[in-house]
């Protein structure tokens with residue numbers, strides 16, 4: 001059940017972020033749901049491998065290279081999902097930051113609600 005809730009939060013974050021950022025274009029809500037699912041799968045399977053392979057550059061950049069990895073995963077997910085377009089790398093970077101912020105806000109509210 002936790003995966004479905006996290007997927008729902010990610011889906012909402014993708015929709016909200018697409019309204020905020022003019023460089024992100026989503027055709028419909030179903031495309032946003034598929035995008036959130038593909039992004040979750042990429043984060044589970046591909047991101048750990050990329051993080052391990054890029055440890056030296058991540059250490060040199062004090063962890064900022066992880067933002068580049070997130071932006072690349074956004075671009076890769078947008079490539080796989082029809083109905084989602086990201087204009088360029090910088091929009092993908094900003095999109096990943098906004099999605100992370102929105103999801104963390106949703107999860108903090110969820111923790112407060114489930115705590116009571």
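The values are calculated or read from the model by the stated rules, or taken from the named source; none is laboratory data. Quick caveat, the model's predicted, so the values are computed rather than measured. Please note: Cβ atoms are built from the backbone with ideal geometry, for glycine as well, and neighbour counts cover all protein chains shown.
Which of the residues spanning segment 92-105 are under 14 Å from residue 76 (Cβ atoms) and surrounded by fewer than 20 Cβ atoms within 10 Å (Cβ to Cβ)?
Residues of segment 92-105 that are under 14 Å from residue 76 (Cβ atoms), as a first pass: 92-93, 95-96.
If the condition is that a residue be under 14 Å from residue 76 (Cβ atoms) and surrounded by fewer than 20 Cβ atoms within 10 Å (Cβ to Cβ), then 93 is the only one that fits.
Here residue 69 does not qualify as without any contact (Cβ under 8 Å) to a residue 60 or more places away in the chain, assigned to a helix (DSSP H, G or I) and in contact with a strand residue (DSSP E or B) (Cβ under 8 Å, 6 or more places away or on another chain).
Quick test of your reading of the structure: residue 10 fulfils all but one of (1) surrounded by fewer than 15 Cβ atoms within 10 Å (Cβ to Cβ); (2) under 21 Å from residue 87 (Cα atoms). Name the failing condition by number. Failing condition for residue 10: (1).
Hey, any hits in segment 74-94 for a residue that's more than 16 Å from residue 24 (Cα to Cα), at pLDDT 95 or above, under 14 Å from the mean Cα position of the chain (by Cα) and in a helix (DSSP H, G or I)? I'd like the intermediate steps shown before the answer.
In the first step, residues of segment 74-94 are kept if they are more than 16 Å from residue 24 (Cα to Cα); the result is none.
So far as segment 74-94 goes, no, none of its residues is more than 16 Å from residue 24 (Cα to Cα), at pLDDT 95 or above, under 14 Å from the mean Cα position of the chain (by Cα) and in a helix (DSSP H, G or I).
Restricted to segment 16-56, and to residues there that are in contact with a strand residue (DSSP E or B) (Cβ under 7 Å, 6 or more places away or on another chain) and in a helix (DSSP H, G or I), the residue that is nearest to residue 74 (Cα to Cα) is 35.
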